[in-house]
Structures are given as C-alpha cells and as structure tokens.
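Trainee: Below are the structure tokens for one structure; questions will follow.
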Ligand code: SF4
C-alpha cells in the first residue's frame, strides 16, 4: 500500500493514554484522507450537539494520502472538529513542514480526545509518543513555545505546531500555527485545542511514505511539475509576487472591499500590493515542504524580519481597515502568527469594530484610549494584541465580528456568513463567488470553491463574472474538486495549473488504486455532503445560505463595478438542483444513496 | 483622446505604473499594446474601466485601461 501509513494515533487526554489503530481502508477509499476521512470520522464519532469547547468534542489532525510524497505541493494537513465559532464542521488547512513530518513518523492522522487536567504537549518521535507537561510554556507565544519545545525535544529537525495565548484564552478566532508562520487559521480550531489544555505537538519522523508505483509516480510527477512551471500563475506570478499580487487585480475590477465593505475600490491599494511587497519588503521566498510554487514571503519591515502577508491579510489589515501602512500590516500579520490568531477573522472583526465606532455603537470610553477608527494603523495593531490577550473590549472582539456586532444590536455590521468573516472579494460583482460564499460549509470563506479563478483570473477558462450562466455547475465542481485536493493533502494553489485528471493520476500512482476522474470527484462530492449533513444537524438551513445584509440588499455603491448586484436567490435554486438537494437545501435520500453515504 | 494606462506586475519592468496617453480617435486596446511593446498573448487580464475586454475593444476618451500578465493568488 502506498501513500497511507495505515496508522491513526489516538490521544485520550482525560486518561493520559495514547493508542494506535489501523486506518480503515474501506473509509479511506471513499473519503481519501485529510479533510474527507477526518470529516467522516468526526461525523461518526462526535455527536452533533456537543459543546465545541467541551471534552466531548474531538480534534482530528489529518494528513492527506499525498502529504509527504514527491507530488507537487505535498505539505498539507487538515484540522477537523466542531467549530466553537459557529458550530459547523470546522476544517482548517495548513502547509509548512509539520504535516509531512507526521507521515514520516508513521501516522496518517492524530485524534485528540477528552481534556487534560493541566497544560500538556504531545511529543512524537517516530513510534514513541508521550504526553508531557507544558506548564513552562503555557502563556508563552507561538515563537517562544516553538523554540522551547524543540529544545526540550533535543532535535532541531523536529517540527512544532502550537497555539498561542489566543487559543489558551479560547478566542473564537484562535489558530493552530505550525513551523512558526503557517496556520490552520479559520473556524476557531485553536480554541478547541486550548480547551483541551494542549499547547503544542512536536513531531519528528525518520520514515518515508511508500509509493505503490514508483515508475508511474515519476512520470506523473514530472508531468505535473512541468505544468506548474509553465503556467503563468504558478510558474511566474505567485513565485515573483506572492498571493498579494491579487490586490491590484481585484481592486481594478472594483470588487475589492474597503472600510468593512462600505466601498469596493481603493485608489491607494497599490501601496499594499504584491508589487510593492516585492519591491520594498521581500527578503526571500518562503515555501512549504517541496513546493515548486513558493508563494510564501519572508519580509523585512521596521527593523524586523518574518513572514510577509498573503493577499487576504494585506487586504484585511489594509484597505478593509482603511490602512495603507505596509509596515503596520506586516506587524499585525506577525502578531497573528505569534499570538495564534486567524488574520482574516481578526482583521474583519477590527474593521467591524471600526464601523461600530463610526456609527456610534461603541462608545469612546470603551476603548481605554486605543483608537479604533478606519485609517489608524497604530490602533489596529494594538487591537490585535488586545484580542489575543482578551483585554478590555478585546475580550468581546475575541468572540468574532458577529458576536461583537450582535452585542451592540447591529449584527448586520458583521461582514460574515454563518458568523465567519468574509475574505477579500465583494460578491456582488462576482456571481459564482457570491454562491460559493453563501454555501461554504464552514462559513464565510474563499477556499471552499474559489470561483475567482474562472470569473476573474480566467483559469481554467474565462467566465463572465456578472452572468449566472453555468455558475451553479461550476461552483459545485469547484467545491467538490477542492474537497478532493484538501483530502489528498495538496495545496489548492496547485489547481491553477493542474486539473482533475492530474490529481487522479497522482493518487493512483501513489496508492495503486484505479480511480477514474469521476470516481475521484465523487469522493469530493461525498465529503461535501457529509459536511452539509453535519451543518443541518446542528440547526443550519437554507436560510443561512446567504450574505450579510449590506451585500444582500444594496448594489456596489461606487468604483468600477458600481451598481452591480448578485442574484443569489436564482443561483441557489439552480445550485440545490445541481447538487441533488431538495428546495430546502437538504440532500435527497437518492443522492446520498448514489454517493454511498 | 486621452486614456489612463495602468500596468501591473512584470509589465511595469522598464515601463511605468500609470501614465496618461494621447491616442488618435478609434484607437483600440491593441494600439495601446503596440505602443507599449506588449504582445497580446502576454496579456492575461485586460480591464477597461473594470470590465474585461479583448484586444479589439474600441477605446473612448477618459477610459482607464489596466493590463496584467498571468498572475493570481487567493
Ligand atoms: S503554493 Fe504557497 S501555500 Fe501552497 S504549498 Fe506552496 S508555498 Fe505553501
């Protein structure tokens, strides 16, 4: 058997016991791994009504079948759990080196169960697993923790994943950060880890991932690497400029949210673009494990060095907060890595806070002297810190923009779907992306079906962003294909150059299975449907497949896309039909049967 | 007529970020590309006033043209 290690590591924190069990190949064939397999096991093992921050919730950390192989971009792991932010099935993805190292240590997946009665960390040295006291690092930031745990482990090649103060303080925007700068950021997974009193996981593996067909693998890898190199986006654009190269594209298109989505065009956006980053801040590229694209940035700013912001981060701490100070954006990004926070949600919450101040909901006396106003970069950075340490109003903000705005009686000022903050695209001028936002099964998100790719970037082909034609079909296919990519452990950015057939070839070569393209895509559809079923069980319905009021009711107010408006109601009808769901957005028994659920 | 031309990513190398250009009436995007020594196949995204257009698109006085090589992210 290639690709899989065939072993799952379970850690019962309540009892302080660890055990291993064989991976079910029957399930793996249907759900692949990563987001899929962990999602299925989560759905089977965790009751939908558990309190997400209680010991009854479980945290699955899963690599994919291609993680740690020589396929292009084989770095990803996925965190699956019940989200403390919104109750949906949380799945949060990260790259770096940690996921591959878990495979080298001999595990496809790790499951954290129960709750430790004191702070601990997990140490994994190949087959040797220990639960160790973390008293010394509790309260420390991610950077200090990473250093300390590595040192105690005694091997500089060990890889560390950790939560920061935000996770310890149960912020609903807390991330799990690995290899210092890579984060499973969204849906509050860091708080679940914090609720279990687990500070970090150190792993060192000396094994390797087997290949069922090494010769075949060599050929398909060479083929896909060639495509990645020759593709303008993956071979040129992303390596040269990083993902922040999107700032100018999205802005010039007029779908670039400004000041908490009050505007959609920023005349000064170039100041915080990928071009400016490359010209003035970039020290070197900072790729994940075996990545030929290397979108990751390593910057210098204000006398410091560290990870540079990706697109969503540059936007959210930049234009969405009315800020064009790239040093401050770098600082806020660095603080999020250091303190263990999700950049999109934190920036979105600060922007919502700024609008709550602007409209008089938040009173000046609540701010303890820290400015919370559009354009104030210094204040913005300080609020990131206050959120992590739940200081003053920061404690309310740590619960996310929806809870914050709702506590002032103005939930409509939270630019979120299913309580999770939206990323950097105004959906009113991009029909497919509007549908993708509304139906994302983890709440506001762009990487559950990245319709920007065909609708703006023209990949794999150009679609008219204002037309409804074909959008329901495209969105479904993109969502299902993304679920496949997340389940096999590759980076979504590979899909700018690779298509379904390439993924099928890679999976078949590694595992020795014989998936057809249709069968592999059906795995993605299966994953999508079990996620939907969980969300329906926790009480979500078609009424939640929507957008925040401002975006739902008002056309784009100004800029190049002025007057444009989504047509979500019509698209949703088409989409449910396309998915084989009924009018209430519930998967029909026939479709579930067809998918073998 | 006068149009504003904005260049991005590698198109800026050896050229400019943004410039006003005087063009003869009935100019098309293609004329601007020629003026700048950019081949149509090098262009991945061409926006005129935020709208996607092809190189044969007829320009009007006051238009803003934004040109991008293949780039992307997310
Ligand atoms: S493309 Fe970027 S995020 Fe994806 S694996 Fe490579 S460096 Fe990491």
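Trainee: Suppose we filter the range B:12-43 for residues that are under 29 Å from residue A:235 (Cβ atoms) and more than 10 Å from every other protein chain (Cβ to nearest Cβ); how many remain? Break it down stepwise before answering.
Mentor: Within the range B:12-43, the first condition is being under 29 Å from residue A:235 (Cβ atoms), and the residues that meet it are B:12-19, B:29-30, B:32-43.
This time we only want the ones that are more than 10 Å from every other protein chain (Cβ to nearest Cβ), so: B:13-16, B:19, B:29-30, B:32-41, B:43.
So the answer is 18.
Trainee: I would also like to ask the following. Sort through A:459, A:435 and tell me the only one that's touching a helix residue (DSSP H, G or I) at 6+ places or on another chain (Cβ under 9 Å), surrounded by fewer than 24 Cβ atoms within 10 Å (Cβ to Cβ) and farther than 26 Å from residue A:382 by Cα. Talk me through it step by step, then tell me what you get.
Mentor: Numbers: A:435 fails: surrounded by fewer than 24 Cβ atoms within 10 Å (Cβ to Cβ).
Exactly one of A:459, A:435 is touching a helix residue (DSSP H, G or I) at 6+ places or on another chain (Cβ under 9 Å), surrounded by fewer than 24 Cβ atoms within 10 Å (Cβ to Cβ) and farther than 26 Å from residue A:382 by Cα, namely A:459.
Trainee: Can you spot a residue in the range A:198-208 that is part of a helix (DSSP H, G or I) and modelled with pLDDT of 95 or more?
Mentor: We begin by selecting, within the range A:198-208, every residue part of a helix (DSSP H, G or I); these are none.
No; the residues of the range A:198-208 include none that is part of a helix (DSSP H, G or I) and modelled with pLDDT of 95 or more.
Trainee: Hey, which of the strands (runs of 3 or more DSSP E) in the range A:1-103, taking only ones fully inside, have at least 1 residues that are surrounded by fewer than 21 Cβ atoms within 10 Å (Cβ to Cβ)? Quick ask: steps written out before the conclusion?
Mentor: Working: elements: A:7-12, A:17-22, A:59-63, A:77-82, A:89-94.
Result: A:7-12, A:17-22.
Trainee: Applying the selection to the range A:556-597, what residues are out of contact with any strand residue (DSSP E or B) (no Cβ under 9 Å at 6 or more places or on another chain), farther than 20 Å from residue A:255 by Cβ and assigned to a loop (DSSP other than H, G, I, E, B)?
Mentor: Listed by number, the residues that qualify are A:582, A:583, A:584, A:585, A:586, A:596.
Trainee: Additional query: Of the numbered conditions (1) exposed (fewer than 14 other Cβ atoms within 10 Å of the Cβ); (2) within 14 Å of chain A (Cβ to nearest Cβ); (3) part of a loop (DSSP other than H, G, I, E, B), residue B:71 satisfies every one except a single condition; which is it?
Mentor: (1) is the only condition that residue B:71 fails.
Trainee: For the range A:226-239, how many residues meet the condition of being in a helix (DSSP H, G or I) and more than 7 Å from chain B (Cβ to nearest Cβ)?
Mentor: Step one: list which residues in the range A:226-239 are in a helix (DSSP H, G or I), which gives A:226-230, A:232-239.
Then drop every residue that is not more than 7 Å from chain B (Cβ to nearest Cβ), which leaves A:226-230, A:234-235, A:239.
Residues meeting the conditions: 8.
Trainee: Additional query: Tally up the residues in the range A:390-412 that are in a helix (DSSP H, G or I) and over 13 Å from residue A:354 (Cβ atoms), please.
Mentor: Filtering the range A:390-412 for residues in a helix (DSSP H, G or I) gives A:393-397, A:401-407, A:411-412.
Next, from what is left, pick out any that are over 13 Å from residue A:354 (Cβ atoms): A:394-396, A:402-403, A:406-407, A:411-412.
So the count comes out to 9.
Trainee: Follow-up. Among the numbered conditions (1) farther than 30 Å from residue A:48 by Cβ; (2) more than 16 Å from the ligand (Cβ to nearest atom), tell me where residue A:483 comes up short.
Mentor: Single failed check for residue A:483: (1).
Trainee: I need a count of the residues in the range A:138-185 that are more than 22 Å from residue A:309 (Cβ to Cβ), in contact with a helix residue (DSSP H, G or I) (Cβ under 7 Å, 6 or more places away or on another chain) and assigned to a helix (DSSP H, G or I).
Mentor: Here the count works out to 1.
Trainee: Residues to consider are A:16, A:39, A:34; find the one that is assigned by TED's automatic domain parsing to the domain that holds residue A:191, farther than 24 Å from residue A:523 by Cα and touching a strand residue (DSSP E or B) at 6+ places or on another chain (Cβ under 7 Å).
Mentor: On the way: A:39 fails: farther than 24 Å from residue A:523 by Cα; A:34 fails: farther than 24 Å from residue A:523 by Cα.
Of A:16, A:39, A:34, the one residue that is assigned by TED's automatic domain parsing to the domain that holds residue A:191, farther than 24 Å from residue A:523 by Cα and touching a strand residue (DSSP E or B) at 6+ places or on another chain (Cβ under 7 Å) is A:16.
Trainee: Can you tell me which residue is farthest from the ligand (Cβ to nearest atom) among those in the range A:255-275 that are assigned to a helix (DSSP H, G or I) and within 28 Å of residue A:184 (Cβ to Cβ)? Before the answer, list the steps.
Mentor: Start the filter on the range A:255-275 by keeping residues that are assigned to a helix (DSSP H, G or I), which leaves A:269-272, A:274-275.
Subset that is within 28 Å of residue A:184 (Cβ to Cβ): A:272, A:274.
On the way: A:272: 19, A:274: 13 Å.
Here the answer is A:272.
Trainee: I would also like to ask the following. Restricting attention to the range A:332-352, which residues are in a loop (DSSP other than H, G, I, E, B) and within 16 Å of the ligand (Cβ to nearest atom)?
Mentor: Going residue by residue through the range A:332-352, those that are in a loop (DSSP other than H, G, I, E, B) are A:340, A:342.
Residue satisfying the conditions is A:342 alone.
Trainee: Condition check: more than 16 Å from the ligand (Cβ to nearest atom) and more than 21 Å from the chain's Cα centre (by Cα). Does residue A:408 satisfy that?
Mentor: Here the answer is yes, as residue A:408 does meet what is asked.
Trainee: For residue A:530, state whether it is within 24 Å of the chain's Cα centre (by Cα) and within 14 Å of chain B (Cβ to nearest Cβ). Give the steps one after another, and end with the answer.
Mentor: Working: within 24 Å of the chain's Cα centre (by Cα): yes; within 14 Å of chain B (Cβ to nearest Cβ): no.
It is false that residue A:530 is within 24 Å of the chain's Cα centre (by Cα) and within 14 Å of chain B (Cβ to nearest Cβ).
Trainee: Could you check residue B:46 against (1) away from every other protein chain (no Cβ under 14 Å); (2) assigned to a strand (DSSP E or B) and say which number it fails?
Mentor: Exception for residue B:46: condition (1).
Trainee: For the range A:284-331, give me each residue that is away from the ligand (no atom under 15 Å from the Cβ), surrounded by 24 or more Cβ atoms within 10 Å (Cβ to Cβ) and assigned to a loop (DSSP other than H, G, I, E, B).
Mentor: The answer is A:318, A:323.
Trainee: Now for a separate question. Report whether or not residue A:511 is surrounded by fewer than 24 Cβ atoms within 10 Å (Cβ to Cβ), more than 16 Å from the ligand (Cβ to nearest atom) and under 19 Å from residue A:217 (Cα atoms).
Mentor: Numbers: surrounded by fewer than 24 Cβ atoms within 10 Å (Cβ to Cβ): no; more than 16 Å from the ligand (Cβ to nearest atom): yes; under 19 Å from residue A:217 (Cα atoms): yes.
The answer is no for residue A:511.
The values are calculated or read from the model by the stated rules, or taken from the named source; none is laboratory data. Predicted model only: the values in this text are computed from it and were never measured. Cβ sites come from the backbone with ideal geometry, for glycine too, and all protein chains shown count toward neighbours.
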